[in-house]
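Coordinate-derived values only; no laboratory data. What you are looking at is a predicted structure, and each value in this text was computed from that prediction instead of being measured. With ideal geometry, Cβ positions are generated from the backbone for all residues, glycine too; neighbour counts draw on all protein chains shown.
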Amino acid sequence: MGTIVPAEQAREAPSPRDVRSVIAASSLGTLFEWYDFFIYGTLAASGIIGRVFFPPGNEQLQTLLAWAGFAVGFGFRPLGAMLFGYLGDRYGRKYTFIVTIVLMGVATAGVGLVPSYATAGWLAPALIILLRILQGLALGGEYGGAAIYVAEHSPGGRRGFFTSFIQASVGAGFFLSLIVVLACKGGMTSATWDAWGWRVPFLLSLILLAISLWMRVRLSESPVFKAMKAAGQVSKNPFIESFTYPGNGRRLFVALFGIAAGLTVIWFTAMFTTLGFLRNAMHVDEEVAQIVVGAGALMGLGWFILFGHLSDRIGRKRLIVTGYALTLLLLFPLYWVIGHAANPELTRAAQRAPIVLAGPDCRFNPFARVQYNDCGRALEYLSKRGIAYSLAEAPTVQLSIGGAPLSYATDAELDARLTAEGYPLGTVTPPIGRLVIIFLAIMALTALSGATYGPVAALLTELFPARIRYSSMSIPYHFGTGYFGGLLPFVEQYMVARSGDPYAGLWYSWWVVAMALVVTVLLLRERDLVKDDA
């Protein structure tokens, strides 16, 4: 790749004030758009989405269906990347990401208006899926547009720092979703929240949309795109050219499997997996879990800015590779620290009185509304309560707690037996000292995310030529984040439900990061990162 726009048509450098306006409008809009997208995930983690919009009778199934709806939004992000990437390369950056934020705001408010399953039957989940599709399409065009818009206004020597604010706005959107949920819950009774109050965070997106739209409409077009348009060098078909431009096939492969896949699972593991782990596996009070994870998300925003800045000095690839390697070393230990600090009584009970379930056909189907035998029903019971177990073969179904056999009994009888063995079945609120430990572990996870996520907007912008940048950057990024990241909560929840091990789902993240590390080390070349045309 070389300089796309001839020197005589080179763009005039934006003023510092212009750059600040661009960063503020782009970052704030991205923050609001991710808030819209994450509100669903925040409420899915608390169980509300599954309970309201999906069939009753199996809480585990409701949770899985809610996370499947979450994954659907991610699954349509690549299609949005193709559509809006084409428009952004063909007709301009500015108006493309104005369209995406309008689509996201309207779809999010729509979720707050969908009737419940009890009222509308299967129409309710159908509408939820449709609105998640629209959100996914919008998000597929948003990130690339905002990141490129900032990068193309930035001087080369500070591009990592300036674009890191776009990266940080993703975490800020997650934090905002938690804060709004907590504020709404705190301002109404539990009955009101459960009845209709949970809809308010969705409807508030209309206010955020108005603010974002006002800020973005006032912006001018990217100077790089204006120069290309003046020179008559705008791509006629950026989608096709993304796959035919010399050397772009390898760069697309690296961007998808080496960059997008790895950074996404680290971020989701640090945020959503941690929130679900505390709430479900460790039985931590829902609001306490949201507060400590939200505090970690807020304080962790600084990592994105720091590592974006460092990438200008020591290189993008070095930071990302280091972050991947440290994640492979520290992921499980950090979660063990979180688990022990969150609910040490549960850990000690599992060590003192381990649970073994034996039977001739001991299988649990998380998708079944009713398990077809006693062993399946026992597994459903243990999974629903977040109790770890191991399986064994036996001619008849038998449950043993601490080596003492117990015939399968009613849920109430099992509750009494587990309580007698020291298993805490209710929610817990860790004391302040252990909450600090959890917070520090979350900060370590966000540091790993910052090292891999902070430099990425600059890296992807520099990886692709300006004439096809919006498409070439957005397509692999949203395929990677959409499928590797979007499926993460669902896959991890399924792995935990099937295995009985609350840490089992982390293996999904570990293997994806291992793949990303290999691809990045072998195929990403620093000389690919051309910094003179953005």
Once Rh for the chain is found with the Kirkwood sum over Cα pairs, what is the Stokes-Einstein diffusion coefficient at 20 °C and 1.002 mPa s, in µm²/s? 89
Most exposed first, judged by fewest Cβ atoms within 10 angstrom, Trp122, Trp336 run Trp122, Trp336
Show me, for the stretch 187-203, the HN-Hα J-couplings you get by feeding each phi into the Karplus relation (A = 6.51, B = -1.76, C = 1.60, θ = phi - 60°), rounded to Hz, glycine and proline as x. x, 8, 6, 4, 5, 5, 4, 5, 6, 8, x, 5, 6, 4, x, 5, 5
Taking H as built 1.01 Å from N, whose amide H comes closer than 5 Å to the amide H of Val428, not counting residues under 5 places away? Val284, Asp285
Quick one: how many lysine pairs does the chain have with C-alpha atoms less than 28 Å apart and a gap of 8 or more or different chains? Give me the count, please. 10
In degrees, nearest 10, range 0 to 90: what is the angle between the Cα axis of helix 93-111 and the longest Cα principal axis of the chain? 20
log10 I(q)/I(0) for the stretch 349-420, Debye formula on C-alpha points only (no solvent), q = 0.21, 0.23, 0.25 Å⁻¹, two decimals, reads -0.88, -1.07, -1.26
Divide by every residue of the chain the summed helix terms, -39500 (n - 2.57) for each DSSP H run of at least 4, and state the resulting mean residue ellipticity at 222 nm, rounded to the nearest 500 deg cm²/dmol. -21500 deg cm²/dmol
Within a 10 angstrom radius of the beta carbon, how do His340, His478, His283, His153 rank from fewest other beta carbons to most? His340, His283, His153, His478
Taking amide H positions as placed in the peptide plane 1.01 Å from N, state which residues far from Leu406 in sequence (5 or more) or on other chains have amide H under 5 Å from it. Leu399, Ser400, Ile401
Sequence of Arg352, Arg434 once ranked by neighbouring C-beta atoms within 10 Å, starting from the fewest: Arg352, Arg434
Integer Hz, Karplus 6.51/-1.76/1.60 couplings in order for the stretch 208-215, x for Gly and Pro: 4, 4, 4, 5, 4, 5, 4, 6
Antiparallel DSSP bridges in the stretch 349-420: what percent, to the nearest 5? 65
In a Debye calculation with equal point scatterers on the alpha-carbon sites of the stretch 74-211 and no solvent, what is log10 I(q)/I(0) at q = 0.11, 0.17 Å⁻¹? -0.50, -1.02
Along the stretch 242-257, Karplus-curve 3J(HN,Hα) (6.51, -1.76, 1.60; θ = phi - 60°) to the nearest Hz, with x for Gly and Pro, reads 4, 9, 10, 4, x, x, 6, x, 5, 5, 4, 4, 5, 4, 7, 8
